[in-house]
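Take a look at the structure set out below.
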Amino acid sequence: MSDDSEDLKTLPLDGWHRAKGARMVGFAGYHMPIQYNKEQGGGIVAEHEWTRSQASLFDVSHMGQLMLTGETAAAELEKLLPGAIASLKPGRVRYSLLLDEDGGILDDLMVTNATPWIEPVLGDEGEEIEPGRWGEPAYYMVVNGATKHDDIAFLREHLSDDVTLNHMEDHALIALQGPKAANALGRVMRGVPDGLVFMQSTLYDFGEWPLRITRAGYTGEDGFEISIPAEFAESLADRLCAEIEVRPAGLGARDSLRLEAGLPLYGHDLTAEIDPVSADLTFALSKPRRETGGYHGHARIAAALKDGPQSFRVGLTLEGRLPAREGADVFSGEDKVGTVTSGGFSPTLGHPIAMAYVDKAHADPGTELEVMVRNKRLPAKVAAMPFVPHNYYRGN
């Protein structure tokens, strides 16, 4: 993050954030709110705790929203993503990874089968002239803001000309997160979220506001990401924040929430030098494709699955209140065995937590280590992630 700069772009809700007392910082090339005035119930810890108990509105419009269409779109994506895209049913969402030729992680992303359903054509007397059918295959992808332009260039270089890629620059993206998010959204939009569970997506015609609503997020809580034409974003934000459960929250709380949820942040916990097995993201490798391959870096990934990588992404818990930050060295005795990639103080747990890559010999939960913080070695212990259990809604 950096201070305000004239070189930074503004989000559709820039004026809305400033009017609500947001402190703006530079992130991913945009002016973005890190927190709001404490006098209005803001502050990183307050926003974090409100999200855990109520619902918070996060502006994530800096993220890249892409739509890929074409009959071969799924097959082409499976050359670059290790997940099973062709078997993804309409309306379903999958977490995946964009891989380079050697299996390094270029980005992590969410992909949705957005293939539209075309309603049947009825005659004057209600008879069906043309049956309903699925339209042209379409895949909606949300990629990280800091990497979106590189991702687009990579996709255009490697995808067949039969696939059309549309960068949805005219859309905002709003995340409503927290255990009361469904209550608030249901009052603003009747019929939503009925029937929608974690990792499902639907289109919603909210009058003149065409929306895509996905039950997902990056806080570990139940919630929704809402893609909306930018011109209507402020109206939607006002409607949502008029609900008693909903307050705006900034990047600071979003980062502490995702850290407690054990969710990696690209550019910190994930980079092009790291493979999915080292990153402990093998769940993103669809089981049938671990054998069949056909995607970038399969040989390297298959070897890591067979023999184990040299280092693993693990969670660390620390004593006291001093947090370990990115770049801090991790020791076992006199030997350096790893490096912290992100860390901070956990408001929910009341002590510091971190993610780090450590040698596989020291990666088992319960392993006692030390982390260098302000020139002192502080006791740390390898811990299973998530640090705070996920609260996703998967149905009754």
Every listed condition ((1) over 27 Å from R374 (Cβ atoms); (2) under 21 Å from the mean Cα position of the chain (by Cα)) holds for F312 save (1)
For residues in segment 97-117 being in contact with a Lys or Arg (Cβ under 9 Å, 6 or more places away or on another chain) and among the acidic types (D, E), which is surrounded by the fewest Cβ atoms within 10 Å (Cβ to Cβ)? D102
Among the listed residues D205, D280, D275, D238, identify the single one that is of a type outside the set (F, W, Y), outside any helix (DSSP H, G or I) and over 20 Å from the mean Cα position of the chain (by Cα). D205
State all residues of segment 241-282 that are without any contact (Cβ under 8 Å) to a residue 60 or more places away in the chain and farther than 29 Å from E47 by Cβ; if no residue qualifies, say none. V277, T282
So which residues in segment 291-303 are in contact (Cβ under 8 Å) with a residue 60 or more places away in the chain, part of a helix (DSSP H, G or I) and touching a helix residue (DSSP H, G or I) at 6+ places or on another chain (Cβ under 9 Å), if there are any at all? H298, I301
Among what's in segment 118-137 and is assigned to a strand (DSSP E or B), under 36 Å from the mean Cα position of the chain (by Cα) and not aromatic (F, W, Y), pick the residue that is surrounded by the most Cβ atoms within 10 Å (Cβ to Cβ). I118
Would you pick out the residues in segment 16-47 that are part of a strand (DSSP E or B) and more than 12 Å from R247 (Cα to Cα)? R23, M24, V25, G26, F27, Y30, H31, M32, P33, I34
Contact list, first residue from segment 28-48 and under 16 Å from L265 (Cβ atoms) and touching a residue at least 12 places away in the same chain (Cβ under 8 Å), second anywhere and in a strand (DSSP E or B) and acidic (D, E), beta-carbon distance below 9 Å, six or more apart or interchain, is M32/D59
Residue list for segment 147-181, filter: under 30 Å from A46 (Cβ atoms), of a type in the set (A, V, I, L, M, F, W, C) and either in contact with a Gly (Cβ under 6 Å, 6 or more places away or on another chain) or without any contact (Cβ under 8 Å) to a residue 12 or more places away in the chain (or both): A175, L176, A181
Check segment 14-27 and report whether any residue there is surrounded by fewer than 17 Cβ atoms within 10 Å (Cβ to Cβ) and within 22 Å of G223 (Cβ to Cβ). no
Return yes or no: is L57 closer than 23 Å to S235 by Cβ, not in a loop (DSSP other than H, G, I, E, B) and not polar (S, T, N, Q)? yes
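So that you can scan it fast, the table gives a plain yes or no per residue for (1) of a type in the set (F, W, Y); (2) part of a strand (DSSP E or B):
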{"position": "G320", "(1), (2)": "no, no"}
{"position": "P323", "(1), (2)": "no, no"}
{"position": "E326", "(1), (2)": "no, no"}
{"position": "F331", "(1), (2)": "yes, yes"}
{"position": "V340", "(1), (2)": "no, yes"}
{"position": "F345", "(1), (2)": "yes, yes"}
{"position": "G366", "(1), (2)": "no, no"}
{"position": "V382", "(1), (2)": "no, yes"}
{"position": "V388", "(1), (2)": "no, no"}
Is there any pair with a first residue in segment 363-380 that is over 19 Å from R313 (Cα atoms) and a second that is in a strand (DSSP E or B) and not β-branched (V, I, T) whose Cβ atoms are under 6 Å apart and which are 6 or more apart or on different chains, and what are they? R377/E370; L378/L318
Name the single residue that is nearest to G178 (Cα to Cα) among those in segment 351-396 being touching a Gly at 6+ places or on another chain (Cβ under 7 Å) and among the charged types (D, E, K, R). K381
Go through (1) modelled with pLDDT of 95 or more; (2) outside any strand (DSSP E or B); (3) small (G, A, S) one by one and return the number of the condition S5 breaks. (1)
Looking at (1) over 23 Å from L173 (Cα atoms); (2) surrounded by fewer than 19 Cβ atoms within 10 Å (Cβ to Cβ); (3) of a type outside the set (K, R); (4) out of contact with any helix residue (DSSP H, G or I) (no Cβ under 7 Å at 6 or more places or on another chain), find the lone condition where A73 falls short. (2)
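The values are calculated or read from the model by the stated rules, or taken from the named source; none is laboratory data. Treat the numbers as computed from the prediction; the structure is a model and nothing was measured. In this analysis, Cβ positions are derived from the backbone assuming ideal geometry, glycine residues included, and neighbour counts consider all displayed protein chains.
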